[in-house]
Structure formats: structure tokens, C-alpha cells
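To keep things clear, I will list the structure first and then write my remarks on it.
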Amino acid sequence: MGEKFMRFNVKIILMIALAAGGIFMVNQNGDGSGPGYKEYSSEDVEINIMMDYLPDWRYQEHRGSYGSYAQVQFYGAVTDGFAPSIIVTVVPSSKGTFEPRTIEAMADEIVTQRAHFKDAEVLARLESTLLGLPAVDMTLAYKQPDQLRSLNFTMVPFKERVVVVQKGERFYTLRYVNPEKSFQEYENDFLHGLATFRVKE
């Protein structure tokens, strides 16, 4: 699923996605939705969401193979080889790889995936609400190499905040990822995105 997109250098994300046979729809524009933000309204009916994002960020819509998920990724400017990213992934309940089909099990699966990375840990895991529904809100930490195809790499500490919610027959994960040293820079913008997040009727 989209949770495997764990390298946040924009060029590498694009290469991985294209190699997987994904189809991207790129758009830099949005309708103004309030001071300092634009309103995103998905073009892909499988994503089917609306939320605010920063006006100088771009976004890409992407689908997994065989309808396994649909995803939009918002990303800012690259700094030191990495771009801050906010990713929303929509997984039909019938396509989930976790059991039972609950938000807790999906959150557990994400933690298990991150455990493969160096020094992975769960910094916080809380019960929350989103869309007026129960949600899981986690903050994770781990280290990733700054270069994938080089022996001369440095391990970079990352932080990731993940919110998981289920509405109807779809699971939604909203994630904010950035190197730890820059994480606080856009965390409030992620929280604003959560506050404006909604599923189209």
C-alpha cells in the first residue's frame, strides 16, 4: 500500500511510483479557502476528499495497482535533499492487508512497517477523532539514509505523524513526514489540514 513510500526525496518518490505502474495527476492550483491556504478538491473520484494545503506546495494524485489504494501527496520545497510531505491514502476495506478491519489494526500495520527502519520507535499513540469518528493519532520516529544508491550515506532522523480513521467502507490515513530537525515547521499546517479534511458526499 501507499504506506511503503518511505523515501521522501521527491525525485525518488516519483521513480518508485512510476516503476510500480502508477498514474500521476499533477496540479499546482487550488481555490482559495482562507488566509494562507488553498483548498484541494480531488480530481480522482477514488480519493474523493477536500482539505486545505499550503499555496506554495504542489500535489500529486496516484493510484495503486488493482485498486489497492488511492493517494494524494502534497509536498513543499526540497531542502537538503528532502521535501516535507503530507500524504492522504484511501484504502477500500476490501483491499486492506490488515486483520481485523479496524483502525487499530491498520495503525498496528503501519508501526510494523516502520519497525524495519533504523531506530524506529512510537513516540506517541493516542485515541482521537476525525470527521466526528474515532481515530488513532500516532507520532513515529526512525532514521533513513540520505542517499539510496551510495555507500557514503548519512542516517537522517525523521518524524512522522499519522492519523487513521474509517468512514464507511474506506480507511483514510493522513501522514505528515519531515526530517526531525524541520518537523515543527509544518506541523501546524498539518493540523490545519486535519481540521479542514472532509470526504465528498
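We did not get these values from a lab; they are worked out from the coordinates using the rules stated. As the structure is a prediction and not an experimental result, all values here were calculated from the model. Methodologically, a virtual Cβ is constructed for each residue, glycine included, from the backbone with ideal geometry; neighbour enumeration extends over all protein chains shown.
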> Could you give me the ³J(HN,Hα) list for the range 104-110, computed from phi with Karplus coefficients 6.51, -1.76, 1.60 and θ = phi - 60°, whole Hz, x at Gly and Pro?
Replying inline: 5, 5, 5, 4, 4, 5, 4
>> With θ taken as phi - 60° and the coefficients 6.51, -1.76 and 1.60, list the Karplus ³J(HN,Hα) couplings across the range 37-47 in order, rounded to whole Hz; mark glycine and proline as x.
In response: 9, 10, 9, 8, 10, 4, 7, 7, 5, 6, 7
> Which order do K95, K118 fall in if you start with the one that has the fewest other Cβ atoms within 10 Å?
Replying inline: K118, K95
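Using mean Cβ contacts within 10 Å as the protection proxy, how do 65-74, 156-165 order, highest first?
Values: 65-74: 18.8, 156-165: 21.8.
Ranked by mean Cβ neighbours within 10 Å, highest first: 156-165, 65-74.
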>> Through the Karplus equation 6.51 cos²θ - 1.76 cosθ + 1.60, θ set to phi - 60°, convert the phi angles of the range 80-96 into ³J(HN,Hα) values in whole Hz; use x for Gly and Pro.
In response: 6, x, 10, 10, x, 9, 10, 10, 10, 10, 10, 10, x, 4, 5, 9, x
>> Need the list of aspartates and glutamates near K95 for cross-linking: C-alpha distance under 17 angstrom, and skip anything on the same chain fewer than eight residues off.
In response: E3, E46, E104, D108, E109, E169
> Relative to the present Cα-Cα distance, how much length would full extension add between M155 and L126 at 0.36 nm per residue of separation?
Replying inline: 7.6 nm
> Reported to two decimal places, what Rg/Rh ratio describes the range 30-186 when computed on Cα atoms with Rh from the Kirkwood expression?
Replying inline: 0.96
> In whole Å, how far is the Cα centre of the range 46-90 from that of the range 108-131?
Replying inline: 19 Å
